1. Calculate log10 I(q)/I(0) of region 97-140 for q = 0.31 Å⁻¹, where I(q) comes from the Debye formula with a single equal point scatterer on each Cα and nothing for solvent.
2. HN-Hα J couplings of region 201-211 from phi, Karplus 6.51/-1.76/1.60, θ = phi - 60°, integer Hz, Gly and Pro as x?
3. Which trypsin sites (Lys or Arg not before Pro) does region 1-85 hold that lie in a coil by DSSP with at most 11 other beta carbons within 10 Å?
4. Give the calculated FRET efficiency between L207 and Q23 to the nearest 0.05, with a Förster radius of 25 Å applied to their Cβ-Cβ distance.
5. How far, in nm, would the chain grow between R139 and N188 when pulled straight, counting 0.36 nm per residue and subtracting the alpha carbon separation?
6. Given H placed 1.01 Å from N in the peptide plane, which residues other than close sequence neighbours of I131 have an amide H under 5 Å from its amide H?
7. Kindly state, to the nearest 0.05, the FRET efficiency for Q64 paired with E33, given R0 = 41 Å and r defined as their beta-carbon distance.
8. For region 57-74, just list the computed ³J(HN,Hα) in residue order, Karplus coefficients 6.51, -1.76 and 1.60, θ = phi - 60°, integers in Hz, with x standing in for Gly and Pro.
Amino acid sequence: MSVIRDPELERLLEDLHARSDGQVAALRRYETERTQQTPIGEVKAFLSDKLVALDRDKAEFCYQLCRATDARRIVEIGTSFGVSTLYLAAAVRDNVCAAGGNGVVIGTEYEPDKASAARAHFAEAGLSDYIELREGDLRETLKEIDGPVDFLLVDIWIGMARPALELVTPHLRPGAIVVCDNTEKYRNEYADYFACLEQSGFRTMTLPFDGGLELSVR
């Protein structure tokens with residue numbers, strides 16, 4: 001049973017997760033075959049149509065965390081085609097419906113085509129009013145964040161994880177939650193991110209989801 005009690009949204013998510021799951025084999029094969037010398041342009045071209053969606057159980061967990069904490073201002077690092085964004089926006093919508101007020105998910109996406117596809121998914125789900133998608137380099141688009149942030153999801157190129165955390169950390173409210181994907185699978189690669197968590201006073205633990213899911217609280 002899904003935590004999403006919205007039949008239309010659930011159908012859309014089923015389709016998007018199925019598309020993402022269908023690309024996993026090609027992604028794993030490419031990851032095995034490519035080398036450090038593979039041109040970045042070639043890597044980006046290969047990934048241009050890949051959803052690389054956050055696993056469904058992780059996305060539902062994020063939804064539950066946002067509902068439990070009544071999150072109203074959420075930042076997502078790495079929107080891609082907007083799958084995980086839909087879960088976050090659904091949580092904000094449901095929080096608003098339950099207790100009034102307002103809320104927003106601030107998404108970030110560098111690739112214009114992915115941003116366009118994500119916006120189409122947001123519209124199809126009827127959640128566009130709860131999402132502000134900032135297109136471009138997050139080091140520029142996240143320079144201004146109004147109000148305290150309740151929840152941060154980091155699911156992006158590993159090299160951008162620490163810069164994103166450094167940008168958003170000053171805006172996190174006390175007790176805010178930060179979630180980062182695949183921290184066990186890429187433990188060494190995330191060394192800078194973990195160092196930033198330590199230096200910034202976070203308490204963190206790696207949850208036993210596939211690849212690891214980092215849950216950090218400041």
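Each value in this text was obtained by applying a stated rule to the coordinates, not by laboratory testing. On a predicted model such as this, the values are computed, not experimentally measured, just so you know. With ideal geometry, Cβ positions are generated from the backbone for all residues, glycine too; neighbour counts draw on all protein chains shown.
1. -1.12
2. Going residue by residue, I get x, 7, 9, 9, 8, 9, 7, x, 7, 4, x Hz, with x marking Gly and Pro.
3. On the way: sites: R5, R11, R19, R28, R29, R34, K44, K50, R56, K58, R67, R72, R73; in loops: R5, R34, K50, R72.
When the trypsin sites (Lys or Arg not before Pro) of region 1-85 are filtered for loop state and at most 11 Cβ neighbours within 10 Å, R5 remain.
4. My answer for the efficiency is 0.55.
5. Once the chain is fully extended between R139 and N188, it gains 15.3 nm.
6. V105
7. Working: r = 37 Å, r/R0 = 0.90.
So, using R0 = 41 Å, E works out to roughly 0.65.
8. 5, 5, 5, 5, 4, 4, 4, 4, 4, 5, 5, 5, 9, 6, 4, 10, 10, 10
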